[in-house]
1. Can you tell me which of N294, N260 is under 20 Å from I189 (Cα atoms) and part of a helix (DSSP H, G or I)?
2. Considering only segment 84-116, how many residues are open to solvent by less than 20 Å² (accessible area, probe 1.4 Å) and within 17 Å of the chain's Cα centre (by Cα)?
3. In this structure, does G37 turn out to be of a type outside the set (D, E), more than 29 Å from A307 (Cα to Cα) and within 16 Å of the ligand (Cβ to nearest atom)?
4. Within the bounds of segment 62-82, is there any residue that is open to solvent by 30 Å² or more (accessible area, probe 1.4 Å), at pLDDT 85 or above, assigned by TED's automatic domain parsing to the domain that holds K144 and not in a loop (DSSP other than H, G, I, E, B)?
5. Hey, among Q56, Q49, which residue is away from the ligand (no atom under 16 Å from the Cβ), open to solvent by less than 50 Å² (accessible area, probe 1.4 Å) and modelled with pLDDT under 90?
6. Quick one: in segment 25-34, of everything that is within 16 Å of the ligand (Cβ to nearest atom) and under 20 Å from the mean Cα position of the chain (by Cα), which residue is surrounded by the fewest Cβ atoms within 10 Å (Cβ to Cβ)?
7. Taking I194, is it among the hydrophobic types (A, V, I, L, M, F, W, C) and open to solvent by 10 Å² or more (accessible area, probe 1.4 Å)?
8. Filter segment 82-100 down to residues that are free of Cβ contacts under 8 Å to residues at least 24 places away in the same chain and under 24 Å from P236 (Cβ atoms) and give me whichever is nearest to the ligand (Cβ to nearest atom).
Amino acid sequence: MRHLKLIMDSHFINKARQYIKCKNSSRKRIKECFYPGCLNESINSHVLQRKGILDQISTDSHLWTFEKDVFYENEFAFKRTGLKKAFAFNCFCNTHDTELFKEIENGDIDFTSYRTNLLFTLRTVYDEIYKKMVYANTRDCLLKNETNLFDKDKLKKESENAKLAIDDLKILAGKILYDLDNDSQQFVIQNRAIPQIGLCVSSFFTYETSAEIELMEKERGRELERYTELFITIFPYKKDSQLIMAYEKIDEKKVENYVNEFFLNDHPQICYQKITNLIIFNCQNKVFNDQFFNEKIKGIEYKYIEATQFMLNEQNKNERTFYNINFYNNTFKDDFVNLNFEF
Ligand SMILES: [Zn+2]
């Protein structure tokens with residue numbers, strides 16, 4: 001048995017090594033600015049700016065990330081990461097990174113402005129395009145691997161799906177860029193200040209659950225052309241944290257009740273519960289500071305992993321879950337640990 005386990009371990013480590021090699025080369029292959037028509041070389045930048053946002057909550061220029069760790073199959077891990085790598089992306093050349101976002105990078109940010117909120121959403125969309133490109137390129141690279149370490153059919157399907165998602169995201173980015181130039185306001189954007197919390201989120205999620213999608217596709221007898229995407233950004237700003245949510249105006253009827261619940265002034269607790277659920281279950285792109293990690297994560301890391309795996313499990317058809325958990329409550333850790341995830 002020991003011998004067998006050793007063989008399995010070396011097989012697994014070899015697989016993880018190949019994966020990391022492909023991921024690194026895929027990152028390096030993304031060299032060009034994402035702005036339509038720009039051929040300049042992209043630079044290392046941040047989804048949310050380092051100065052004034054990330055550095056406001058970090059300690060010794062470090063934040064905690066929560067990512068897939070290939071050395072543990074299907075596992076995720078929290079890692080204390082330097083700001084150079086945390087929340088970093090390679091999407092724009094120096095000119096576009098500076099010019100496009102100057103309204104939200106210099107001086108006071110005007111959160112009453114549609115453009116301001118839209119620019120934060122644009123960054124989230126481009127970051128997602130970047131992540132999906134790395135994901136698809138990594139799979140294309142692994143497909144060239146001559147060993148039989150990998151399930152090639154699965155890799156092929158994953159790469160194809162990521163490329164379809166990139167096409168959809170590019171359409172969204174195009175709409176945002178058009179809005180910025182034409183004041184056409186194709187999006188509904190809402191924001192509010194919430195008590196400062198030591199985390200940043202820049203993410204989007206599909207409003208429809210897998211069960212709803214299956215039902216709609218069955219009724220129509222074909223695949224949906226598009227899903228309803230909701231964008232969520234949370235970051236510290238001055239004494240508070242800011243919450244920004246955005247979606248396309250064409251989806252207003254479908255999602256307005258759901259989104260409005262985040263903005264009920266009389267019942268802020270509903271907002272806090274909803275963002276707690278979203279951050280744990282639906283948002284992949286997030287970073288935490290030392291204080292948040294020590295108070296809300298340390299010792300119960302396994303529960304965050306369990307929650308993520310529950311959400312990613314194909315048997316789970318209801319991604320829009322709502323549990324009675326709230327990061328702002330002192331009982332959060334106990335409440336979270338006591339949840340039972342059932343399909
Ligand atoms: Zn450019």
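1. Criteria check complete, one pass: N260.
2. Residues flagged as open to solvent by less than 20 Å² (accessible area, probe 1.4 Å) and within 17 Å of the chain's Cα centre (by Cα) within segment 84-116 amount to 4.
3. yes
4. Within segment 62-82, none of the residues are open to solvent by 30 Å² or more (accessible area, probe 1.4 Å), at pLDDT 85 or above, assigned by TED's automatic domain parsing to the domain that holds K144 and not in a loop (DSSP other than H, G, I, E, B).
5. Matching residue, one of Q56, Q49: Q49.
6. Within segment 25-34, the match that is surrounded by the fewest Cβ atoms within 10 Å (Cβ to Cβ) is I30.
7. no
8. Only one residue fits best here, namely T98.
The values are calculated or read from the model by the stated rules, or taken from the named source; none is laboratory data. Please read all numbers here as calculations on a predicted model, not as lab measurements. Cβ sites come from the backbone with ideal geometry, for glycine too, and all protein chains shown count toward neighbours. The accessibility values were calculated without ligands, DNA or RNA, using every heavy atom of the protein model including side chains. Shrake-Rupley method; radii C 1.70, N 1.55, O 1.52, S 1.80 Å.
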